[in-house]
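Colleague: Supplied in structure tokens, the structure appears directly below.
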Amino acid sequence: MSENGRAFIKMHGLGNDFVIVDARKEPFQPSVEALRRIADRHRGVGYDQLIAINPGEGEYTAKLTFWNADGSESGACGNGTRCVAALLLQERTEKWVMLQSIGGELICRREDDGRMTVDLGHARSDWKEIPLARKADTRTLTFSKGPLKDPAALSLGNPHVTFFVDDAEKVDLATLGPEIERDPLFPERVNVGIAQLVGPDELRVRVWERGVGITEACGTGASAAAVNACRRGLVGRRVKTRLDGGELSIWWREYNHVEMTGPVSLSFHGTLAPELLAPEVRG
């Protein structure tokens, strides 16, 4: 651990906020305790996910590691990936960049209007891939919690369930979210989405993120809601999702890849104090 701390960049996508550390030259592998201290919005910096940009392998520009605010590792983060891609594209003449994560390949591009798109890869709907604890029809699970019932489930590098309701605002997500997240049906826990059809190919989406809580926006959560709604026949393959922090455009391509497009914003540059980082385990 450096006596001078560690440089970081704070960014967000529709209020879904991230602490980003460039670890391409100096490894960064914080302890769970350090991650939780940094995530504290009063005594630390505060974030929904912390992202390390590691050296890429082969044709990949970088490999990303994602941690949730509770210190657990996540396989994917759509909005965070878009933020990192925007940073890396400042170093390149191309409008696209290929990234890696434990959840798979992530191809990103800058649109002509300045928004960033990430290809999240395949939507995985087999019960073993999500994973679930038992065999089930993932388009309509036999599962309920309070007023919520019969969700659809899939994985986009991390597990999601989507409940379809008449009024998303009336759902007590703060109470139901953590109960569903840790239900035995989901051995790796689960992200919980609440979706309401508000117009042709338009959804109102709220998300309880695994290891984080309710967030202003969740890219993979919005994408999962759009794909699950299409699987149910409620929308087409191009869907506008309205989250607390703004809008994301989702396109479930015919070859099963899911693309998510939206804005990114830089908040500030800073330095993580040594007191926040200790103890830190070097990779």
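Colleague: Would you pick out the residues in region 206-240 that are assigned to a loop (DSSP other than H, G, I, E, B) and within 17 Å of Leu120 (Cα to Cα)?
Modeller: Within region 206-240, Ala217, Cys218, Arg237 meet the criteria.
Colleague: Those residues that are hydrophobic (A, V, I, L, M, F, W, C), touching a helix residue (DSSP H, G or I) at 6+ places or on another chain (Cβ under 8 Å) and open to solvent by 10 Å² or more (accessible area, probe 1.4 Å), I need them from region 218-261; list them, please.
Modeller: Within region 218-261, Val235, Leu243, Trp252 meet the criteria.
Colleague: Quick check on this structure: which one of Glu94, Glu33 is without any contact (Cβ under 8 Å) to a residue 24 or more places away in the chain and either closer than 24 Å to Arg206 by Cα or not aromatic (Phe, Trp, Tyr) (or both)?
Modeller: That would be Glu94, the only listed residue that is without any contact (Cβ under 8 Å) to a residue 24 or more places away in the chain and either closer than 24 Å to Arg206 by Cα or not aromatic (Phe, Trp, Tyr) (or both).
Colleague: For Thr215, which of the numbered conditions (1) of a type in the set (Val, Ile, Thr); (2) open to solvent by 20 Å² or more (accessible area, probe 1.4 Å); (3) farther than 26 Å from Glu254 by Cα fails to hold?
Modeller: The failed condition is (2).
Colleague: Taking region 90-118 as the region of interest, how many residues are in contact with a Gly (Cβ under 9 Å, 6 or more places away or on another chain), under 13 Å from Thr61 (Cα atoms), open to solvent by 50 Å² or more (accessible area, probe 1.4 Å) and of a type in the set (A, V, I, L, M, F, W, C)?
Modeller: The total comes to 1.
Colleague: Of the residues Thr117, Thr138, which is in a loop (DSSP other than H, G, I, E, B) and of a type in the set (S, T, N, Q)?
Modeller: Within the list Thr117, Thr138, the selection yields Thr138.
Colleague: If you don't mind, another one. Where residues in region 14-26 are in contact with a strand residue (DSSP E or B) (Cβ under 6 Å, 6 or more places away or on another chain) and assigned to a strand (DSSP E or B), which of them is nearest to Gly262 (Cα to Cα)?
Modeller: Phe18
Colleague: OK, next. Could you figure out which of (1) assigned to a loop (DSSP other than H, G, I, E, B); (2) within 20 Å of Cys77 (Cα to Cα); (3) of a type outside the set (Gly, Ala, Ser) isn't true of Arg43?
Modeller: Answer for Arg43: the failing condition is (2).
Colleague: Taking region 158-212 only, how many residues are over 23 Å from Leu132 (Cα atoms), in contact with a Leu (Cβ under 8 Å, 6 or more places away or on another chain) and open to solvent by less than 10 Å² (accessible area, probe 1.4 Å)?
Modeller: 1
Colleague: Does Leu132 meet the test of being more than 17 Å from Arg231 (Cα to Cα), touching a strand residue (DSSP E or B) at 6+ places or on another chain (Cβ under 9 Å) and open to solvent by less than 20 Å² (accessible area, probe 1.4 Å)?
Modeller: In short, yes.
The values are calculated or read from the model by the stated rules, or taken from the named source; none is laboratory data. The structure presented is a predicted model; accordingly, all values stated were derived computationally and were not measured. Please note: Cβ atoms are built from the backbone with ideal geometry, for glycine as well, and neighbour counts cover all protein chains shown. Each accessible area value is taken on the protein alone, full model and side chains, heavy atoms only, with ligands, DNA and RNA left out. Shrake-Rupley method; radii C 1.70, N 1.55, O 1.52, S 1.80 Å.
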